[in-house]
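Peer 1: To start, I am sharing the structure in question, which I have written as structure tokens.
The values are calculated or read from the model by the stated rules, or taken from the named source; none is laboratory data. Remember, predicted model here, so these are calculated numbers, not experimental data. Counting neighbours? That spans all protein chains shown, and the Cβs are built from the backbone with ideal geometry, glycine included.
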Amino acid sequence: MKNTDETHDPARKSWVETANHSASDFPIQNLPLGIFSYNGTTAPRFGIAIGDCILDVAAAADIGLLTGLAAEAADAARDGTLNRLFALGRAPLRELRKQVAMLLDRDGPARDRIESLRSQILPEMSACRMHLPTAVGNYTDFYAGIHHAIAAGSLLTPENPLPANYKWVPIAYHGRASSVRASGNAVRRPMGQRPPLAAGGSPSYGPCERLDFELEMGFYVGPGNAQGEPISITDASKHIVGFSLLNDWSARDIQRWEMFPLGPFLAKNFATTVSPWVVTADALEPFRVPAMARPDSDPQPLNYLLDETDQRQGGIDVSLSVQICTGEMLAQGSAPVEILESNAMHLYWTSAQMLTHHASGGCNLVPGDLIGTGTISGPKPSQLSSMLELTFGGTKPVALPNGEQRAFLQDGDEITFSGKCHREGFVSIGFGTCSGRITR
């Protein structure tokens with residue numbers, strides 16, 4: 001593949017043995033970026049995942065293991081966020097990735113010296129706490145999963161399930177950046193106005209009764225653009241530095257009542273959960289696929305959203321999974337169970353198209369901004385990626401192995417997303433997990 005290099009070599013192994021296990025999300029071919037602290041006893045630091053450990057990038061730089069652009073990248077994240085690092089663009093990230101891969105390579109030239117420094121630069125993940133990768137100044141959530149748009153739309157707005165503009169324009173809403181949290185944080189059931197029980201009745205105020213998740217991916221903005229200066233579709237990939245998993249928690253009863261005429265408000269702003277690791281755009285190069293094929297009857301994107309390269313490789317093949325562990329299952333010591341699976345290939349619009357459209361009116365995107373793809377449902381019933389769709393609006397609850405049923409989420413339920421990229425001839429890489437437990 002044209003955009004792969006030695007960092008994607010499937011023969012490469014690490015002296016961190018857990019990175020070589022086939023089940024690991026974090027082999028040496030991945031090296032995702034994150035912010036961590038040691039059991040909360042130190043300030044947040046820039047780290048790179050390898051197996052079940054985290055390379056302390058600042059510590060590695062301080063003892064001279066990184067040089068040039070890679071050292072510049074390490075310095076940019078010393079404030080405990082990745083914003084300034086992402087502002088540098090993809091070139092320093094690419095160089096950092098190459099140098100770190102060499103440091104961690106089983107056959108690297110300085111293995112003996114570096115391995116002897118393990119206690120200084122390589123804490124175990126189990127001894128660390130993960131934080132948000134960036135200080136999220138702006139969060140926008142798109143609606144790019146067409147199968148979700150049709151399935152959810154037929155339940156929420158049956159008279160108009162797919163908006164007339166859907167196939168022409170990437171639709172989005174501005175989310176609430178202040179309530180974005182890293183995986184593992186609890187999610188409090190929101191309060192809000194619920195719709196009347198009968199026509200002509202009054203709404204009620206109280207806790208959400210139809211709490212839901214939405215299986216999405218998120219991506220982070222790199223250098224960004226000045227206000228009033230659009231980003232062309234041909235340059236959009238330069239501004240997308242990496243991807244994470246994202247859960248757009250949703251209060252369906254509140255949403256149905258409040259969303260007209262200006263869209264969701266309290267139904268979406270109470271919590272958004274992201275996985276703490278950012279899998280770089282460079283690590284994902286082997287798993288690029290063509291943009292979702294459109295039926296001949298669908299319109300082609302307008303010229304500002306149409307690029308041959310993006311159409312050829314703007315999609316990403318990421319297998320996605322959602323698991324649930326109820327409070328009762330937790331008390332019984334039962335393992336979480338998968339309730340659905342999907343794939344990021346089911347997005348109608350590419351990330352480059354989303355970013356280009358976002359900036360097309362002159363909106364300035366800022367380094368570290370978070371953009372959600374929208375719910376990634378597939379065409380099969382088992383790929384409907386929210387409880388709203390999966391249970392047909394709560395009318396067909398999901399049956400769990402312990403005899404419990406779920407139409408929507410209950411207190412004590414924990415939802416966990418995972419994602420993995422597979423391709424013959426390459427080592428599989430993962431995204432870690434994105435989880436949250438519902439509390440009152």
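Peer 1: I need the full set of residues from segment 236-266 which are at pLDDT 95 or above, in a loop (DSSP other than H, G, I, E, B) and either crowded, with 16+ Cβ neighbours inside 10 Å or touching a Pro at 6+ places or on another chain (Cβ under 9 Å) (or both), in order please.
Peer 2: D248, W249, L266
Peer 1: For segment 302-318, does any single residue satisfy the condition of being assigned by TED's automatic domain parsing to the domain that holds L211, farther than 30 Å from G80 by Cβ and in a strand (DSSP E or B)?
Peer 2: yes
Peer 1: Considering only segment 150-177, state which residues are free of Cβ contacts under 8 Å to residues at least 12 places away in the same chain and either more than 24 Å from R294 (Cα to Cα) or of a type in the set (D, E) (or both).
Peer 2: Residue satisfying the conditions is E159 alone.
This table checks each residue for (1) of a type in the set (K, R); (2) closer than 27 Å to G368 by Cα; (3) assigned to a helix (DSSP H, G or I); (4) at pLDDT 95 or above.
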residue: R78; (1), (2), (3), (4): yes, yes, no, yes
residue: L85; (1), (2), (3), (4): no, yes, yes, yes
residue: A91; (1), (2), (3), (4): no, yes, yes, yes
residue: L96; (1), (2), (3), (4): no, yes, yes, yes
residue: Q99; (1), (2), (3), (4): no, yes, yes, yes
residue: V136; (1), (2), (3), (4): no, yes, no, yes
residue: D141; (1), (2), (3), (4): no, yes, no, yes
residue: G153; (1), (2), (3), (4): no, no, yes, no
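Quick grid of which residues meet (1) at pLDDT 95 or above; (2) hydrophobic (A, V, I, L, M, F, W, C); (3) surrounded by 18 or more Cβ atoms within 10 Å (Cβ to Cβ); (4) within 30 Å of N3 (Cα to Cα):
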| site | (1), (2), (3), (4) |
| --- | --- |
| A144 | yes, yes, yes, yes |
| P158 | no, no, no, no |
| P190 | yes, no, yes, no |
| P203 | yes, no, no, no |
| L215 | yes, yes, yes, yes |
| S232 | yes, no, no, yes |
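Peer 1: Another question, then. Of the numbered conditions (1) surrounded by 14 or more Cβ atoms within 10 Å (Cβ to Cβ); (2) of a type outside the set (K, R); (3) not assigned by TED's automatic domain parsing to the domain that holds I233, A177 fails exactly one; give the number of that condition.
Peer 2: Every listed condition holds for A177 apart from (3).
Peer 1: Also: So G206 ticks every box in (1) of a type outside the set (F, W, Y); (2) over 24 Å from L347 (Cα atoms); (3) outside any strand (DSSP E or B) but one. Which box is left unticked?
Peer 2: (3)
Peer 1: While we're on this one: Within segment 272-308, how many residues are in contact with a strand residue (DSSP E or B) (Cβ under 8 Å, 6 or more places away or on another chain) and among the basic types (K, R)?
Peer 2: Summing the residues that are in contact with a strand residue (DSSP E or B) (Cβ under 8 Å, 6 or more places away or on another chain) and among the basic types (K, R) in segment 272-308 gives 1.
Peer 1: If you scan segment 267-284, which residues turn out to be over 20 Å from H148 (Cβ atoms) and part of a strand (DSSP E or B)?
Peer 2: The answer is V278, V279, T280.
Peer 1: Within segment 385-440, which residues are of a type in the set (K, R), assigned to a loop (DSSP other than H, G, I, E, B) and in contact (Cβ under 8 Å) with a residue 60 or more places away in the chain?
Peer 2: Start the filter on segment 385-440 by keeping residues that are of a type in the set (K, R), which leaves 396, 406, 420, 423, 437, 440.
After this cut, where a residue has to be assigned to a loop (DSSP other than H, G, I, E, B) as well, the list is 396, 423, 440.
Passing the criteria: R423, R440.
Peer 1: Could you tell me which numbered condition D411 fails, if it satisfies all but one of (1) among the charged types (D, E, K, R); (2) surrounded by 24 or more Cβ atoms within 10 Å (Cβ to Cβ); (3) over 30 Å from Y304 (Cα atoms)?
Peer 2: So the condition that D411 fails would be (2).
Peer 1: Taking only segment 320-363 into account, find how many residues are out of contact with any Gly (no Cβ under 6 Å at 6 or more places or on another chain) and assigned to a helix (DSSP H, G or I).
Peer 2: Counting residues in segment 320-363 that are out of contact with any Gly (no Cβ under 6 Å at 6 or more places or on another chain) and assigned to a helix (DSSP H, G or I) gives 15.
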